[in-house]
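Engineer: My questions all concern the structure below.
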Amino acid sequence: MWLRTGCEIEFSESLPAPFVLMLRPRSGRRQWVARETYVLCPSVPAMEYTDSYGNLCQRLMSPPGRFLIRTSADVFIPDESDDAEGGSFVEVQDLPDDVLTYLLPSRYCESDRFMQMAWSIVEDARPGYDQVARITAWIREHVRFNPDSPHFQLSAVELNQAREGVCREFAHLGIALCRGLCIPARMVVGFLHGLEPMDFHAWFEAYVGGRWVAFDATQKEDSGKRVTVACGRDAADVAIFNQFGPPMYPSRIAVTVEEVDGPPAV
């Protein structure tokens, strides 16, 4: 199927500021980017680089006054969700080198403090996919998903105490619990078709059965209609934008995801 993703982010400030944006999806195992537009208004010079996690990043100086960032992409994804049920646990000594970093505690995922809790949740679940599925179900049952939550930028420990948060916090807790079981886990941000209310979305992936598999405790049913923009250890690695200097906040963010027949004919 084809998904058309889009976003508009608008700033209005009196001073220029350095930005690093992370707004471009790239083609991978479960998505193919067939068409893409990326508009900066007013136009300013931008330099793109690939970070250490393979994400496409855009570096620029925003101009003073109104500054608009507009993106759109037509992305082909498989019709079915990524069914990895029964995927086996991969022993640490057999993990690929680039996966090992996703076993370690990170800023928002204090996995060293979740080992006992993780084992109590999974109990007799089969190691690997079934353990992660059990963790995802536990979070969905015991933590309230609230898009208007007053809590902001919570770590896994903080969310476990508050028991209420948004998608990125749900991902942090899932990641920490997985890592507590020696299952590599990473945070993913991007687009989800049918999300209510529509916005950028975050979920997590666990490395089971020799590949990365998506899990999302905020959704009762997994449609699989996702487009990945970036992945990393936690939210600190996958911010849609980082602005340096005096804080600047968008005056408007609009996100769209729609199912289409295909990219426009050339």
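Engineer: Name every residue in the range 208-224 that is crowded, with 18+ Cβ neighbours inside 10 Å, modelled with pLDDT of 95 or more, in a loop (DSSP other than H, G, I, E, B) and not acidic (Asp, Glu), in order of residue number.
Structural biologist: Those that are crowded, with 18+ Cβ neighbours inside 10 Å, modelled with pLDDT of 95 or more, in a loop (DSSP other than H, G, I, E, B) and not acidic (Asp, Glu): Ala217, Thr218.
Engineer: Working carefully through the options Ala73, Ala118, find the one that is touching a residue at least 60 places away in the same chain (Cβ under 8 Å) and in a helix (DSSP H, G or I).
Structural biologist: From the options Ala73, Ala118, the qualifying one is Ala118.
Engineer: Continuing with the same structure: Considering the range 250-266 alone, what residues qualify as being in a loop (DSSP other than H, G, I, E, B), in contact (Cβ under 8 Å) with a residue 12 or more places away in the chain and over 22 Å from Arg29 (Cβ atoms)?
Structural biologist: Within the range 250-266, Pro250, Ser251, Asp261, Pro264 qualify.
Engineer: Oh, and also: Looking at Ala73, Ala17, Ala34, can you tell me which residue is modelled with pLDDT of 95 or more, outside the structural domain of Ala230 (by TED's automatic domain parsing) and under 29 Å from Ser251 (Cα atoms)?
Structural biologist: Just a single option satisfies the conditions, and that option is Ala73.
Engineer: Based on this model, can you work out whether Met187 counts as assigned to a loop (DSSP other than H, G, I, E, B) and either crowded, with 24+ Cβ neighbours inside 10 Å or over 13 Å from the mean Cα position of the chain (by Cα) (or both)?
Structural biologist: no
Engineer: Count, please, the residues in the range 121-154 that happen to be surrounded by 15 or more Cβ atoms within 10 Å (Cβ to Cβ), in contact (Cβ under 8 Å) with a residue 60 or more places away in the chain and assigned to a loop (DSSP other than H, G, I, E, B).
Structural biologist: Final tally of qualifying residues: 1.
Engineer: Can you tell me which residue is surrounded by the fewest Cβ atoms within 10 Å (Cβ to Cβ) among those in the range 25-66 that are touching a Pro at 6+ places or on another chain (Cβ under 7 Å) and in a strand (DSSP E or B)?
Structural biologist: So the residue we want is Met61.
Engineer: On to the next question. Pull up the range 91-115, narrow it to residues that are in a helix (DSSP H, G or I) and touching a strand residue (DSSP E or B) at 6+ places or on another chain (Cβ under 8 Å), then point me to the one that is surrounded by the fewest Cβ atoms within 10 Å (Cβ to Cβ). Steps first, please.
Structural biologist: Within the range 91-115, the first condition is being in a helix (DSSP H, G or I), and the residues that meet it are 92-94, 97-103, 111-113, 115.
So of that shortlist, the ones also touching a strand residue (DSSP E or B) at 6+ places or on another chain (Cβ under 8 Å) come out as 99, 102.
Values: Val99: 16, Tyr102: 28.
Looking at the filtered set, the residue picked out is Val99.
The values are calculated or read from the model by the stated rules, or taken from the named source; none is laboratory data. The model shown is predicted, which means the values in this text are computed figures rather than measured ones. Backbone-built Cβ (ideal geometry, glycine too); neighbour counts: all protein chains shown.
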